[in-house]
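To start, the structure itself, in structure tokens.
The values are calculated or read from the model by the stated rules, or taken from the named source; none is laboratory data. This one's a predicted model, so the numbers in the text were calculated from it and none came from an experiment. Using ideal geometry, Cβ is built from the backbone for each residue, glycine included, and neighbour counts are taken over all protein chains shown.
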Amino acid sequence: MGQYYKPVSLEKKEFLYSHDYKNGLKLMEHSWLDNNFINAVEHLLKRGGKWYGDSILWAGDYADNEPDSKNNIYGIVDEEGKKIKPSTEKKDNSLRYLKNLDTKEFVDLKKVPVTELYEGWEWRIHPLPLLTCEGNGRGGGDYRGSSDLVGKWARNRVIIQKSKPRNCKELIFDLVE
């Protein structure tokens, strides 16, 4: 069976539902640069956005249960959280750098490699869902490659910004499908 995912602000117990943006629920159905679902999440993470500076998790419904709970974050936010549907406003192409405030690392979105050329389109995996996911490898539609990057930023405070972060180490996101 396929595993479903949703991005979550752990502080606010808010989440987005990818079907609201006509994207699939499985990780690799919606983890692509420049799709409207990912654009909505980026909008939340930019300066002035509702989730700016929040701890982020791409919660999988097959992920481990939380300590002292019979449920995982995916289930907990279903029961106790709030689904939001922010605007898919036009992509701000100047938002180029994902920055982890906890690990002092960043990813340059302009350096993400092309996964596939398809009828003139370049497909590139968006780093945010894979870096912040929990539960990968437990269901259909998950990222199938092997990398220490998958889940590396789960539950960390992540933002997106225009300028190259200072005093941070660049993390090379080189995953392809």
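Observations
- Residue count, the range 159-177 (criterion: touching a Phe, Trp or Tyr at 6+ places or on another chain (Cβ under 9 Å) and over 23 Å from Gly137 (Cα atoms)): 10
- Of residues in the range 56-79 being within 12 Å of Leu16 (Cα to Cα) and part of a helix (DSSP H, G or I), the one farthest from the chain's Cα centre (by Cα): Asp78
Residue-wise test of (1) surrounded by fewer than 17 Cβ atoms within 10 Å (Cβ to Cβ); (2) free of Cβ contacts under 8 Å to residues at least 60 places away in the same chain; (3) over 16 Å from the mean Cα position of the chain (by Cα).
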site	(1), (2), (3)
Gln3	no, no, no
Tyr17	yes, no, no
His43	no, yes, no
Gly48	yes, yes, yes
Asp54	no, no, no
Gly81	no, no, yes
Ser87	yes, yes, yes
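- Extreme residue, nearest to Asp54 (Cα to Cα), among residues of the range 1-24 that are assigned to a strand (DSSP E or B) and either modelled with pLDDT of 95 or more or of a type in the set (A, V, I, L, M, F, W, C) (or both): Ser9
- Test result for Leu175, among the hydrophobic types (A, V, I, L, M, F, W, C), in contact with a helix residue (DSSP H, G or I) (Cβ under 9 Å, 6 or more places away or on another chain) and part of a loop (DSSP other than H, G, I, E, B): yes
- When the range 116-135 is filtered for residues that are over 16 Å from Lys152 (Cα atoms) and touching a strand residue (DSSP E or B) at 6+ places or on another chain (Cβ under 9 Å), the ones remaining, listed by number, are Glu116, Leu117, Glu122, Trp123, Arg124.
- Taken over the range 19-34, the criterion of being out of contact with any Gly (no Cβ under 8 Å at 6 or more places or on another chain) and touching a residue at least 40 places away in the same chain (Cβ under 8 Å) is satisfied by Asp20, Tyr21, Ser31, Trp32, Leu33, Asp34.
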